[in-house]
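Novice: Questions regarding the structure given below will be posed in turn.
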Amino acid sequence: MRRGFLALLEIIRPHNMLAAGLGVVAGYYVAAGTASARVMVVALVAALATGAGNVINDYYDFAIDRVNKPRRPLPSGRLSPRAARVWYAVLVVATTLLAAIALPQPLLVLALVWQLALFAYARVLKRTWIAGNVTVALVSASAFLAGAMAADWPGAAVIPMAIAFAFVMCREMIKGGEDLEGDRDAGVRTLAVVSGPERAARVAAGAMLLLAVLVPLPALAGLYGLRYFLAMEVLVAPVLILGALAVVRRPERRVFGRVSRALKLAMFAGILAIALGV
């Protein structure tokens, strides 16, 4: 039983759920200038929707993960496809009920859009790299929008959403290089599959270097404060620059994987920087 529980926990990827929830809280803080228990329900809805999206993604990626990530719950046999479907249904129902009961209509609609978009990504859109990457980046970035909407100032989310969208697009391209073998066998048309890992590395590196140049601009323009600038320049920009150099120098699966994990950590630092920016 303990093994099954751990598999259910692993497949929802709690770190991704935490990032979604923190994005909502950061968006609220940027808009309101303070923290509030009011936003925690929105953060929980975002986290649950993210968890459900991870489950359905792994369900449809079963064959791919047998090659790329054989230790994940489904390809390792620790969780059955039927159990994954049931777990996905439970999470979808929980997310929808909580959103319908506790959130105003605009945020309820956004929660439903998240769920539909993540299902469409797992079922169809992932097979085309532009559509798939853009979908993931938009859903991820809109966590900041949800927080700003909860604070009644959606416009405050424009800069955080732009940064998050660009960051996730970079990481999705890097992940495509890491997952090249399984994606190619399954007919998933990522940039690495279509153009090769070397070109994918160059494109991703160019995007990462451009983002490293752009992230301090809100502070330099006087829109965000010194704490944002320091957090971005110390914790985020170096990861982008070093990661770009690493994948161009050695466009190999192991290197793509290391850079992907580093970007995941930098993502949390970026959320912190945005929250500190006000």
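Novice: Return the pair list, or none, for Cβ contacts closer than 9 Å from residues in region 213-242 that are within 22 Å of K264 (Cα to Cα) and free of Cβ contacts under 8 Å to residues at least 60 places away in the same chain to residues that are acidic (D, E) and part of a helix (DSSP H, G or I), at least 6 apart or on different chains.
Specialist: From region 213-242, the pairs are V215/E233; P216/E233.
Listed here are the residues, each with its yes/no results for (1) hydrophobic (A, V, I, L, M, F, W, C); (2) in contact with a helix residue (DSSP H, G or I) (Cβ under 6 Å, 6 or more places away or on another chain); (3) crowded, with 20+ Cβ neighbours inside 10 Å; (4) under 19 Å from V193 (Cβ atoms).
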{"residue": "I101", "(1), (2), (3), (4)": "yes, no, no, no"}
{"residue": "L116", "(1), (2), (3), (4)": "yes, no, no, no"}
{"residue": "V124", "(1), (2), (3), (4)": "yes, no, no, yes"}
{"residue": "A131", "(1), (2), (3), (4)": "yes, yes, no, yes"}
{"residue": "A137", "(1), (2), (3), (4)": "yes, yes, yes, yes"}
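Novice: In region 1-14, how many residues are surrounded by fewer than 13 Cβ atoms within 10 Å (Cβ to Cβ), part of a helix (DSSP H, G or I) and not basic (K, R)? Even if it seems obvious, please write down each step before you answer.
Specialist: Residues of region 1-14 that are surrounded by fewer than 13 Cβ atoms within 10 Å (Cβ to Cβ), as a first pass: 1-3, 5, 9.
Among the residues that remain, those that are also part of a helix (DSSP H, G or I) are: 2-3, 5, 9.
From what's left, not basic (K, R): 5, 9.
Residues in region 1-14 being surrounded by fewer than 13 Cβ atoms within 10 Å (Cβ to Cβ), part of a helix (DSSP H, G or I) and not basic (K, R): 2 in total.
Novice: Okay, next question. Could you tell me whether V55 is within 28 Å of F256 (Cβ to Cβ), touching a residue at least 40 places away in the same chain (Cβ under 8 Å) and crowded, with 22+ Cβ neighbours inside 10 Å? Write out each step before concluding.
Specialist: Details: within 28 Å of F256 (Cβ to Cβ): yes; touching a residue at least 40 places away in the same chain (Cβ under 8 Å): yes; crowded, with 22+ Cβ neighbours inside 10 Å: yes.
Here the answer is yes, as V55 does meet what is asked.
Novice: Right, something else. Please give the number of the condition S195 fails out of (1) touching a residue at least 12 places away in the same chain (Cβ under 8 Å); (2) within 15 Å of E172 (Cβ to Cβ).
Specialist: (1)
Novice: Suppose we keep only residues that are of a type in the set (G, A, S) and closer than 21 Å to A186 by Cα within region 66-114. Which one would you say is nearest to the chain's Cα centre (by Cα)?
Specialist: Initial filter on region 66-114 (of a type in the set (G, A, S)): 76-77, 80, 83-84, 89, 94, 99-100, 102, 111.
Okay, now just the ones that are also closer than 21 Å to A186 by Cα, so 76-77, 80, 84.
Numbers: S76: 24, G77: 26, S80: 25, A84: 21 Å.
Checked region 66-114; the qualifying residue nearest to the chain's Cα centre (by Cα) is A84.
Novice: Mind listing whichever residues of region 230-278 are surrounded by 20 or more Cβ atoms within 10 Å (Cβ to Cβ), closer than 22 Å to A157 by Cβ and not small (G, A, S)?
Specialist: Hits for region 230-278 are M232, V236, L240, L263, M267, I271, I274.
Novice: In region 154-187, how many are surrounded by fewer than 24 Cβ atoms within 10 Å (Cβ to Cβ) and under 15 Å from L110 (Cβ atoms)?
Specialist: Residues meeting the conditions: 2.
Novice: Suppose the filter is buried (at least 16 other Cβ atoms within 10 Å of the Cβ), closer than 25 Å to R85 by Cβ, of a type in the set (G, A, S) and touching a residue at least 40 places away in the same chain (Cβ under 8 Å); does A26 pass it? Talk me through it step by step, then tell me what you get.
Specialist: On the way: buried (at least 16 other Cβ atoms within 10 Å of the Cβ): yes; closer than 25 Å to R85 by Cβ: no; of a type in the set (G, A, S): yes; touching a residue at least 40 places away in the same chain (Cβ under 8 Å): yes.
So A26 fails the test.
Readers should treat all values here as calculations from the given coordinates under stated rules, not as data from a laboratory. The shown structure was predicted, so the numbers you read here are calculated from the model rather than taken from an experiment. We place every Cβ from the backbone using ideal geometry, glycine too, and count neighbours over all the protein chains shown.
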